[in-house]
Amino acid sequence: MNIFLYLDQDTWLHRLDPRTKMIGVLIIFSICLCFNHPFYMAAISLGVTWIAVSARALKNFWRLRLILALLIIFSTVMWPFFVKGPTLLWSFRSIQVSQESLLYGIAMGLRLATFVGTGLIFLSTTRNEEITNGLIRMGCPYAIAFALSTALRLVPTFAGAGATIIQAQISRGLDLESGNIFSRLSKFIPQAVPLFIYAIRHTNLLAMALESKGFSPESKRTLYYEPHMRGIDYGVLILLILVLGALLYLRIGLHLGAILPRRL
């Protein structure tokens with residue numbers, strides 16, 4: 001089972017400097033925060049999807065399709081109970097669902113899914129070493145960059161260990177299919193014990209390995225991978241900044257793309 005998100009492809013997005021991709025992710029996050037209308041958010045989501053297609057990252061989108069769908073569905077269902085609007089669609093006792101609150105919930109679901117999708121594109125096109133190097137070149141202390149790099153490495157490692165533990169228990173007769181959803185979830189709780197033991201043991205071994213090699217965050221070090229900003233990197237950043245500026249003008253200057261339901 002492949003638990004790593006990076007996809008080894010030769011696309012324009014893979015060839016960008018990691019600093020460009022990091023700044024680009026922040027700009028796209030800012031773009032997502034400009035609007036709370038589903039029509040405008042759908043256009044932004046389509047733009048992010050096009051980036052995923054051009055980066056050949058749809059494989060990871062398909063792997064996490066259930067999470068993306070659940071984000072949209074739960075947001076659409078839950079938000080109408082916490083915000084109100086003047087156009088009433090459905091009412092039951094003290095519960096009211098309006099057209100504005102429903103549209104707002106759809107927009108928030110699209111926003112969350114776009115956030116996750118943007119992060120998926122970044123992890124699908126950027127190696128762990130590139131992330132560390134990019135953070136260092138942006139002025140981040142090496143200790144913080146190393147900690148983030150280590151965390152990114154440990155997440156798939158622990159996920160793989162958890163999957164192995166579940167498969168081993170199923171081979172020993174563990175039934176995870178019978179019963180309602182709550183009883184099935186309760187069967188996963190005992191499986192967390194060996195995973196915690198594995199995590200503590202793995203972390204202890206990693207610490208001993210670093211100490212045995214004389215690891216020191218303050219030491220000056222050379223890097224094998226030396227990224228350089230090229231013309232396409234500056235062009236992508238300028239384009240994203242222009243798009244953000246145009247969308248801010250639409251939102252603030254022309255007051256478009258906003259649904260303002262009243263919160264409870």
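Before moving on, here are some points about what is shown:
- Filtering I72, I95, I51 for residues that are in contact with a helix residue (DSSP H, G or I) (Cβ under 7 Å, 6 or more places away or on another chain), more than 30 Å from D10 (Cα to Cα) and at pLDDT 85 or above leaves a single hit, I72.
- Filtered residue count, the range 185-205, keeping only those that are surrounded by 13 or more Cβ atoms within 10 Å (Cβ to Cβ) and either closer than 13 Å to I166 by Cα or among the aromatic types (F, W, Y) (or both): 6
- Selection from the range 61-78 of residues that are in a helix (DSSP H, G or I) and not β-branched (V, I, T): F61, W62, R63, R65, L66, L68, A69, L70, L71, F74, S75, M78
- Whichever residue in the range 72-99 is closer than 30 Å to I51 by Cβ and surrounded by 18 or more Cβ atoms within 10 Å (Cβ to Cβ) and, among such residues, is nearest to the chain's Cα centre (by Cα): I72
- Restricting attention to the range 139-173 and to residues that are open to solvent by 50 Å² or more (accessible area, probe 1.4 Å) and part of a loop (DSSP other than H, G, I, E, B), the residue that is nearest to K220 (Cα to Cα) turns out to be P141.
- Taking the range 46-105 as the range and being among the β-branched types (V, I, T) and without any contact (Cβ under 8 Å) to a residue 12 or more places away in the chain as the test, only V53 passes.
- The range 226-241 residues that are free of Cβ contacts under 8 Å to residues at least 40 places away in the same chain, paired with ones that are surrounded by 16 or more Cβ atoms within 10 Å (Cβ to Cβ) (beta carbon under 7 Å, 6 or more apart): none
- Considering the range 206-222, and only residues there that are charged (D, E, K, R) and farther than 20 Å from A151 by Cα, the residue that is least open to solvent (accessible area, probe 1.4 Å) turns out to be R221.
- Members of the range 206-258 that are of a type in the set (D, E, K, R), closer than 17 Å to A143 by Cα and not in a loop (DSSP other than H, G, I, E, B): E211
- Flag not set for L66, criterion: crowded, with 18+ Cβ neighbours inside 10 Å and closer than 30 Å to I166 by Cα.
The values are calculated or read from the model by the stated rules, or taken from the named source; none is laboratory data. As the structure is a computational prediction, the values presented were derived from the model and not from experiment. Neighbour counts are summed over all protein chains in view; Cβ atoms, including those assigned to glycine, are modelled from backbone coordinates with ideal geometry. Just the protein is used for accessible areas: all its heavy atoms, side chains included, with ligands, DNA and RNA removed. Shrake-Rupley method; radii C 1.70, N 1.55, O 1.52, S 1.80 Å.
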